[in-house]
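For reference, the structure discussed in these notes is given below.
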Amino acid sequence: MSNCDDQAVADQALDLFAEQTDCNEENSKYALVGPSDEQYEQLLEILKNRLDDGIGECVYEVGIGDGIPDGLAEEEMAASHATLESLAESINADMSLLREKQAEEGKVAEYLVRSKPTEEDFTEVRVAVIGNVDAGKSTLLGVLTHGELDNGRGFARTKLFRHKHEQETGRTSSVGNDILGFDSKGVIVNQADAHSSQDWRKICSQSSKVITFIDLAGHEKYLKTTIFGMTGHLPDFGMLMVGANAGIIGMTKEHLGLSLALGVPVYVVVTKIDMCPANVLEETMKLLMKILKSPGCRKIPLLVSNQDDVVVSATNFTSERICPIFQISNVTGQNMDLLKSFLNLLSVRNSYKEGDIAEFQIDDTYSVPGVGTVISGTCMRGLIRTNDSLLMGPDSLGNFKQIVVKSIHRKRLPVKEVKAGQSSSFALKKIKRGEIRKGMVLVSPQSEPKGVWEFESEIRVLHHPTTISVKYQAMVHTGSIRQTASIVTMSVQHMRTGDKAICRFRFIKNPEYIKEGARMVFREGRTKAVGNIIKVYPDAAAPYRGNKRDKMKPKYNARRRIKSLNDRDRVDVDPVLISATLSSTSTNSGTKN
């Protein structure tokens, strides 16, 4: 090899080393201390990508060394702060300090960078509120969303109840929705209101992030409503409520097991610590820690007591292993700020495909005077705009009907479009409410949807008092679908508690739009099983129910025939003759014996 070739190889190596050095400088702790114009543009591009990945927000660490000790001096930290603030302003975002701690060579800081609110668009995080009855679920939501502490006699929860019997009993029986808005600097937008209603339009228009609380029922007789809320409303996280004085009783373990089965990360809120004796609270916490560490849960419990714990638990919460625990009081407001800071840092967990064809699942229907038929649900894929033409179904025959979206609302705020992962409501043209049922979907005509009567699922039985075999029927929950299904075939002969098998199901009443990979819950009374749908059979025929007229006609003729014979052959019978005949019969039978 000539000297020229050696020099060329050396130059390439130096160029490569220089590129790696530039990349390392962007990731080093000095990256924000007086960057050049070229480095500034590269840092700006990195921050944009991080905001896109985090759906409008990210946590930026300043002063973390890459192979060198952490920490920056006061002047370097001030310069880094100014650079980061300039970067955030360049992309229409705000930054706020989360925490600052001491390191080997100075200070390390963590900042929350969040995009400013834009009209008709905000990030939504859904949180399912679960726990036993009387754990304080509705009371906590009343305190969080209305900004007023409880009086200890149920004042806060009365603002959330939807029905008269809920006001009288104090127990939630329906799926309620409440919102908590945060602006780009992490400040709560909800204002304290003496009246029960909040202006959702005002909250959403001022918020960069909206936390939607799905208030579920805690009583056992409303379990099917709770399961529907966990499957149909697609929560990102679960907030398990535990009363400190009552402990882990009733449906607490049921709801925790349901969250684990559906793969929903859970954090725990222990309420009523102001009225609970210290020894009782200690016993409750010991039992809670034991359950979370058990082989069935395999969680890492973390008791949140300061702001550092909040940042650590929130940034690592999506791993599903860590389980933050908060101890609060709705009357005194103790540790309520820590819970609000944690909610501010929660990020969207589920990933959705925006570039795909449109798909929207329906979880409720309404008839609004002056508007017409309105549906609500979640956009699963793609993008839906006003005046889009979609297919709605399947109906009882498995067919889909073409409909047009008249208008779209998100949290009562009118918008022009809805993206994947967002919940919204649509007003539809020229369709009656009776034609729609929960579990239907709106899909793009390009997808060529089909209604499915039969599907195959791999299920595990969590509890059953006896055995499950072929022809067993129970309620299937998957997404917003809730319908009875029968087991057609099984990979084993029988199933008991703890068993696992592949089963083929057939819906009893209507075909449904289901997809492979979806989670499902299979329940009937105290029987519970969970699993994943592994195969669908769109070509399976509908079950034959016969002709209703043919079934009714023979019954009617038979009844008329029997009546006519009775009328014609009726005779008057002497009761004395009957008794004499019976006595002679008994005498003869006794003589023979």
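FYI, it's all coordinate maths here, none of it is from the lab. Keep in mind the model is a prediction, meaning the values are calculated, not measured. Cβ atoms come from the backbone with ideal geometry, glycine included; neighbour counts cover every protein chain shown.
General observations
- Close amide H partners of Met440, meaning residues 5 or more places away or on another chain with modelled amide H under 5 Å apart, are Ile362.
- Distant-in-sequence amide H partners of Lys429 (H built 1.01 Å from N, under 5 Å): Val404, Lys406
- Cα-Cα pairs of the range 400-536 separated by more than 22 Å (percent): 46 percent
- Along each principal axis, Cα extent of the range 241-319, largest first, Å: 34, 31, 17
- What the Cα atoms of the range 455-514 give is an Rg and a Dmax of 11.3, 32 Å.
- Put simply, when 451-460, 520-529 are sorted by average Cβ atoms within 10 angstrom per residue, most first, you get 451-460, 520-529.
- Cα shape, the range 305-391, gyration tensor, a/c 1.5 rule: oblate
- Relative frequency of Cα-Cα separations exceeding 27 Å in the range 337-469, percent: 33 percent
- Legend: residue pairs Lys29/Lys419; Lys419/Lys535; Lys185/Lys340, Cα-Cα distance threshold 25 Å; pairs beyond threshold, Lys29/Lys419; Lys419/Lys535.
- 14 Å tail of the calculated P(r), the range 63-129, as % of Cα pairs: 67 percent
- Note that the range 479-489 has calculated 3J(HN,Hα) couplings of x, 8, 7, 9, 8, 6, 9, 10, 7, 8, 9 Hz, one per residue in order, obtained from phi through the Karplus relation 6.51 cos²θ - 1.76 cosθ + 1.60 (θ = phi - 60°); glycine and proline are x.
- For Leu462, residues with placed amide H under 5 Å, excluding near neighbours: Gly498, Lys528, Ala529, Val530
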